[in-house]
Amino acid sequence: SAMGVAGPNSDLVNFSEYISKNFALYQLSNDGIQLSTAAQANFCRNELAAALRKGPYQVNILLGGYDKKTSSGSLYWMDYLAALTKLKYGAQGYASNFCLSIMDRDYKEGLTQDEAVQIVEKCIQELKVRFLLNQSNFLIKVIDKDGVRVVKFGADPADN
Amino acid sequence: MGDSAYSFSLTTFNRTGKLLQIEYALNAVANGRTSLGICAKDGVVIATDKKLASTLVDTEQVRKVENITDGAGFVYSGVGPDYRVLVRKARKSSQSYYLTYREPQPVSQLVKGTASVMQEYTQSGGVRPFGVSLLVAGTDADGTPRLYQVDPSGAYFGWKATAIGKNYVNAKNFLERRYQEDMELEDAIHTALLTLREGFEGEMTSQNIEVGVVSTTDGVFRRLTPEQIQDYLDEAS
């Protein structure tokens, strides 16, 4: 599984490393068993909730994962107030104002991987046209039965 | 425990390298009423002899086979009150797991946690080891049926079939002869009852034994009712 995290870099790095190392520890302590995506999401939310009334993590998260047990992928949306919901498609930040309507219209059950990536590319294009900030470099990742891999989109400033 | 006058462990090594308190705890287990378990390919069965001090005791109120999670259960041989403490701790820790992960705790982790608790009591100040061995039945994260034994030392073992308590040697020999790799749950229940009857003092009825079963079809651990036990006993005779 993989997490997209948004927020100030301090909390972002601290929280996501803490979570991912906890998952690694779980796997090591339990004979290689991995937590299901739902369990991972709930663990994450629990950590956000525990810290909320002490020193909150200001991170918004999209967690996506593939479970071999159910042979299906799932997506979870979490915000800095420790809300959690399972979604078919989602967005965090300003992107949601632009992208959710595109996804509302184009999403259907049983999309193939390529169709889904196309919708994501449509969303990115919409942001490039309509969003105030000029963000030229996006990174698309896919999570499936073979794990997590990158599908790049957009110019990498390092190439110029 | 650390700030009392007993901040030293009562379980200490002797000259030959043994922890006598654990040995003695195992003796307490071996004096307890027989319990056994069999792991079939589609489920697990655990059973125990519930013979009580007097016929006046209300056997329905005595519970030796207990649910810990929906999918796992314990049975024991040894000191009953010690068992109740372990059941309570195990139930609490598996609910805590559910709180964090919103998923039931896999049996293997439940066993590790309980074994860890039992080990603590062999290395902490002012406490004695638990006088029970547990048999844990459940289905693991991937749905495989599993049977575990946990000893007073905190050691745990996965078994295909095993027996603990009084007469465990004969019971285990009996199981060794009867056990088959591809046994089905119904056969396992019959074999368990036969094994229990082997060393039973007096007549075995649905009132003086307890049986717990978990099947891979629904992954739910259930205590059999006296009526269900009676049906199995009737089939066996």
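Side notes on the structure shown:
- Close amide H partners of B:THR205, meaning residues 5 or more places away or on another chain with modelled amide H under 5 Å apart, do not exist here.
- With every protein chain in place, segment B:17-100: carbon and sulfur % of accessible area (1.4 Å): 52 percent
- Threshold 40 Å² - residues in segment A:32-49 whose accessible area is reduced by that much or more when the chain is no longer isolated, probe 1.4 Å: A:ILE33, A:ASN42, A:PHE43, A:ASN46
- Across B:LYS64/B:LYS112; A:LYS68/B:LYS92; B:LYS41/B:LYS172; A:LYS69/A:LYS122; A:LYS108/A:LYS152, pairs whose alpha-carbon gap is larger than 27 Å: A:LYS68/B:LYS92; A:LYS69/A:LYS122
- Charge dipole of segment B:107-166 (Cα centre as origin; +1 on each Lys and Arg Cβ, -1 on each Asp and Glu Cβ, all else neutral): 180 debye, rounded to the nearest 20.
- Radius of gyration, Dmax [segment B:98-141; alpha carbons; angstrom]: 13.1, 37
- Among B:PHE13, B:GLN109, B:ASN173 - extreme Cα towards positive end, dipole of chain B, charges at beta-carbon: B:PHE13
- 10 Å binning of all Cα-Cα separations within segment B:1-141, expressed as whole percents from 0 upward: 11, 34, 33, 18, 3, 0
- Residue-normalised accessible area of chain A, expressed per residue, 1.4 Å probe, Å²: 62 Å²
- Segment B:135-237: equivalent-ellipsoid semi-axes (sqrt of 5 x gyration tensor eigenvalues, Cα, Å): 21, 18, 14
- In straight-distance terms, cross-link reach from A:LYS145 covers every one of the aspartates and glutamates whose alpha-carbon lies under 13 Å from its own, apart from those fewer than eight places away in the same chain; here that gives A:ASP67.
- Placing unit charges on each Cβ (+1 for Lys and Arg, -1 for Asp and Glu) gives the protein assembly as shown a dipole about its Cα centre, and among A:LEU25, A:VAL120, B:ALA236 the Cα reaching farthest toward its positive end belongs to A:LEU25.
- Cβ charges +1 (Lys, Arg) and -1 (Asp, Glu), total dipole of segment A:9-160, debye: 300 debye
- Among B:LEU134, B:PRO145, B:ALA161 - extreme Cα towards positive end, dipole of segment B:127-196, charges at beta-carbon: B:LEU134
- Chain pair B, A: total accessible area buried, heavy atoms, 1.4 Å probe, Å²: 1000 Å²
- Simple Cβ-charge dipole of segment B:157-216, Lys/Arg +1 and Asp/Glu -1, about Cα centre, in debye nearest 20: 260 debye
- Rg over Rh [alpha-carbon atoms, Kirkwood Rh] for segment B:53-119: 1.05
- Volume per residue of the convex hull around the Cα atoms, evaluated for segment B:77-208, comes out as 138 Å³.
- Here the Debye sum runs over all C-alpha atoms of chain B as equal scatterers in vacuum, and log10 of I(q)/I(0) at q = 0.12, 0.18 Å⁻¹ comes out as -0.66, -1.36.
- Per residue, the convex hull spanned by the Cα atoms of the protein assembly as shown measures out at 218 cubic angstrom.
- In straight-distance terms, cross-link reach from A:LYS21 covers every one of the aspartates and glutamates whose alpha-carbon lies under 17 Å from its own, apart from those fewer than eight places away in the same chain; here that gives A:ASP11, A:ASP31, A:GLU47.
- Distance cut-off 18 Å, percentage of C-alpha pairs in chain A lying past it: 64 percent
The values are calculated or read from the model by the stated rules, or taken from the named source; none is laboratory data. All figures in this text were calculated on a predicted structure; none of them were measured in a lab. Every residue, glycine as well, gets a Cβ built from its backbone with ideal geometry; the counts of neighbours run over all protein chains shown. Accessible surface areas use protein heavy atoms only, side chains included; no ligands, DNA or RNA. Shrake-Rupley method; radii C 1.70, N 1.55, O 1.52, S 1.80 Å.
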